[in-house]
Amino acid sequence: MEYGYPKGHVFYRKLARTYLLAARGEGIYLYDENGRRYIDGSGGAIVVNVGHGQREIFQTILEQAGRVGYIHGTQFTSKSVEEYGEALGEVLPGGLNKIYFLSGGSEAVEASIKFARQFYLESSRSQRWRIIARWHSYHGNTLGALSLTGRVGMRRPYLPLLVDFPHFPPPYCYRCPFSLTYPSCEIECAKALENVIQMEGPETISGVILEPILGATIGAVVPPDGYLPQIQEICGRYGIFLIDDEIMTGFGRTGKWFAVNHWDVVPDIMVLGKGMGGGYFPISAMVARGECVDLLKDKTGGFVHGHTYSHHPVACAVGLSVLRLIKENHLVERSEERGAYLLRRLEELKSFSFVGDVRGRGLMAAIEFVKNQETKEPFPRAERFTEKVMEMTFERGLILYSGTGFVDGINGDMVMFGPPFVIEESQIDEMIDILKGTFESLQMA
Ligand SMILES: Cc1ncc(COP(=O)(O)O)c(C=O)c1O
């Protein structure tokens, strides 16, 4: 049976699409109700890390829900919340160990905006409330998070509702915003931050938010070495919080526990989500330094923020279970190794004239498509190149994640890869075979 608007009472994001029922998942595979198998090559929205169908997590949910399914975060805490906090504290970068649990990524980003604001308000620097973000970033879809998000197509319909936060260009070396080349560029794109701070007035800025490796909008863009340390230095010099959005990159996705670990950068605030719950339960978090939370405690005595489902006992039990699975099965190391293999194999696809760039770190990778490999000219949006790739690979049993519009706000095509960390090399080969078959058909069309 097929679902989708206008059938039934539910409507989905893609109103013109028909949906199949996902009946079951196991490891890297999803099965529809007809028993057809799909490789979950993107772990949904780069979420599923420990794999589908993990019995241990199923058991955890049952046990925690059976003991206590819900408490309100102003009335009680629960063992799972406290235990998960302890375990997570052990893998977080040094000094960052005060954790506020929430349900979704956008919620965590909203909390970080408010936390930074409240901190400066209570430090008698009330002018500091604006957060600088980057173009081509993705920080979520709620209005505060969307105000930070640099994805033009998603912002456009809602511009009158957004807060006017400043943006600066990302470290997108494939199409350098300054037409320079690394390393002779001396990382001009990091210096651009200082420029924005000065133009906007440092006394008005509370933080800079960034994805250490850019994800959903532009596709696995890894900054050059030296970029993040330079950003950290600039933030430190101006007394501005560095807010590290690890919602997509966290929990081993890029081959380290957190992407900032690649460059030994320790942010002031971190936001987490997606793989935190392995896809089994909505959970996210905002993490801050103890001394900052202390200030709130000493002044108003609380964080003036909250949600009904924050500090959820079942969510935290799942988070703890996912964390244990990652540790016990060495999945961070596995993401690094399998990711290197995936990238090597994706590189082969550059023999197709429309594969412009292959990039990523660990098991977070992307292909950017171009009309002309030499000039990097993008496909006109009307060709819907990414959509064609997505439909054809889905038809062949491979699920990917996509993004468009990042070159100039309209054009720009990419697909992302983010399979569960349990993937084997032979299964990566299977993905590559499907991609090759798809690309051959596209080349002939
Ligand atoms: C880096 C980043 N931040 C924030 C979000 C928003 O998370 P959510 O969709 O759970 O609200 C996303 C989601 O793709 C993300 O990739």
key: From the options Arg125, Arg156, residue that is open to solvent by 70 Å² or more (accessible area, probe 1.4 Å) and part of a loop (DSSP other than H, G, I, E, B)   = Arg125
task = Could you check Val293 against (1) under 25 Å from Ser124 (Cβ atoms); (2) outside any helix (DSSP H, G or I); (3) of a type outside the set (Asp, Glu) and say which number it fails?
result = (2)
request  = Spot the failing condition for Val81; the list is (1) within 16 Å of the ligand (Cβ to nearest atom); (2) part of a helix (DSSP H, G or I); (3) in contact with a helix residue (DSSP H, G or I) (Cβ under 8 Å, 6 or more places away or on another chain), and only one is missed.
outcome  = (1)
ask   = Can Met392 be described as touching a residue at least 24 places away in the same chain (Cβ under 8 Å), aliphatic (A, V, I, L, M) and out of contact with any Gly (no Cβ under 6 Å at 6 or more places or on another chain)?
value = yes
query = Is it the case that His136 is within 15 Å of the ligand (Cβ to nearest atom) and open to solvent by 30 Å² or more (accessible area, probe 1.4 Å)?
reply = yes
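Among the residues of the stretch 91-105, write down those that are within 21 Å of Lys256 (Cβ to Cβ) and within 16 Å of the ligand (Cβ to nearest atom). Give the derivation first.
Restricting attention to the stretch 91-105, the residues satisfying the condition of being within 21 Å of Lys256 (Cβ to Cβ) are 91-97, 99, 105.
Within the stretch 91-105, just Gly105 meets the criteria.
Return the only residue of Ala116, Ala108 being within 11 Å of the ligand (Cβ to nearest atom) and within 21 Å of the chain's Cα centre (by Cα).
Working: Ala116 fails: within 11 Å of the ligand (Cβ to nearest atom).
Residue meeting the stated conditions: Ala108.
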ask   = So is Thr249 closer than 20 Å to Arg359 by Cβ, buried (at least 21 other Cβ atoms within 10 Å of the Cβ) and among the polar types (S, T, N, Q) or not?
value = yes
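Specify the residue that is nearest to the ligand (Cβ to nearest atom); the eligible residues are those in the stretch 159-175 that are part of a loop (DSSP other than H, G, I, E, B) and open to solvent by 40 Å² or more (accessible area, probe 1.4 Å).
The first filter runs over the stretch 159-175 and keeps only residues part of a loop (DSSP other than H, G, I, E, B), leaving 162-166, 169-172.
Next, only the ones that are open to solvent by 40 Å² or more (accessible area, probe 1.4 Å) stay: 163-164.
Values: Val163: 16, Asp164: 20 Å.
Checked the stretch 159-175; the qualifying residue nearest to the ligand (Cβ to nearest atom) is Val163.
In the list Ile187, Ile131, which residue meets the criterion of being more than 16 Å from the ligand (Cβ to nearest atom), open to solvent by less than 30 Å² (accessible area, probe 1.4 Å) and modelled with pLDDT of 95 or more?
That would be Ile187, the only listed residue that is more than 16 Å from the ligand (Cβ to nearest atom), open to solvent by less than 30 Å² (accessible area, probe 1.4 Å) and modelled with pLDDT of 95 or more.
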request  = Hey, can you tell me all the residues within the stretch 82-106 that are open to solvent by 60 Å² or more (accessible area, probe 1.4 Å), under 15 Å from Ser310 (Cβ atoms) and in contact with a strand residue (DSSP E or B) (Cβ under 8 Å, 6 or more places away or on another chain)?
outcome  = Lys98
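In this structure, is Asp264 at pLDDT 95 or above, at positive phi and not small (Gly, Ala, Ser)? Full working, then the answer.
Numbers: at pLDDT 95 or above: yes; at positive phi: yes; not small (Gly, Ala, Ser): yes.
Yes; evaluated as a whole, the condition is true for this residue.
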inquiry  = Given the criterion surrounded by fewer than 22 Cβ atoms within 10 Å (Cβ to Cβ), on the phi > 0 side of the Ramachandran plot and out of contact with any strand residue (DSSP E or B) (no Cβ under 8 Å at 6 or more places or on another chain), identify the matching residue among Gly437, Gly409, Gly397.
reply    = Gly409
query = Which of the residues belonging to the stretch 263-301 are under 17 Å from Val81 (Cβ atoms) and either within 16 Å of the ligand (Cβ to nearest atom) or without any contact (Cβ under 8 Å) to a residue 60 or more places away in the chain (or both)?
reply = Leu272, Gly273, Met276, Gly277, Tyr280, Phe281, Pro282, Ile283, Ser284, Ala285, Met286, Val287
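Return yes or no: is Arg324 assigned to a helix (DSSP H, G or I) and under 18 Å from Ile432 (Cβ atoms)? If you could, list the steps in order and put the result at the bottom.
Values: assigned to a helix (DSSP H, G or I): yes; under 18 Å from Ile432 (Cβ atoms): no.
Judged against the criteria, Arg324 is not a match.
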query = Out of the stretch 236-262, which residues are away from the ligand (no atom under 12 Å from the Cβ) and free of Cβ contacts under 8 Å to residues at least 40 places away in the same chain?
reply = Gly236, Arg237, Gly239, Leu242
query = Picking from Leu148, Leu121, Leu88, which residue would you name as being away from the ligand (no atom under 16 Å from the Cβ) and under 21 Å from the mean Cα position of the chain (by Cα)?
reply = Leu88
query = Among the residues of the stretch 59-79, is any touching a Phe, Trp or Tyr at 6+ places or on another chain (Cβ under 7 Å), open to solvent by less than 30 Å² (accessible area, probe 1.4 Å) and touching a residue at least 12 places away in the same chain (Cβ under 8 Å)?
reply = no
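The values are calculated or read from the model by the stated rules, or taken from the named source; none is laboratory data. Computed from a prediction, not measured in an experiment: that's the story for all the values here. Cβ sites come from the backbone with ideal geometry, for glycine too, and all protein chains shown count toward neighbours. The protein model used for the area step is the full one, side chains on, heavy atoms only, and it has no ligands, DNA or RNA in it. Shrake-Rupley method; radii C 1.70, N 1.55, O 1.52, S 1.80 Å.
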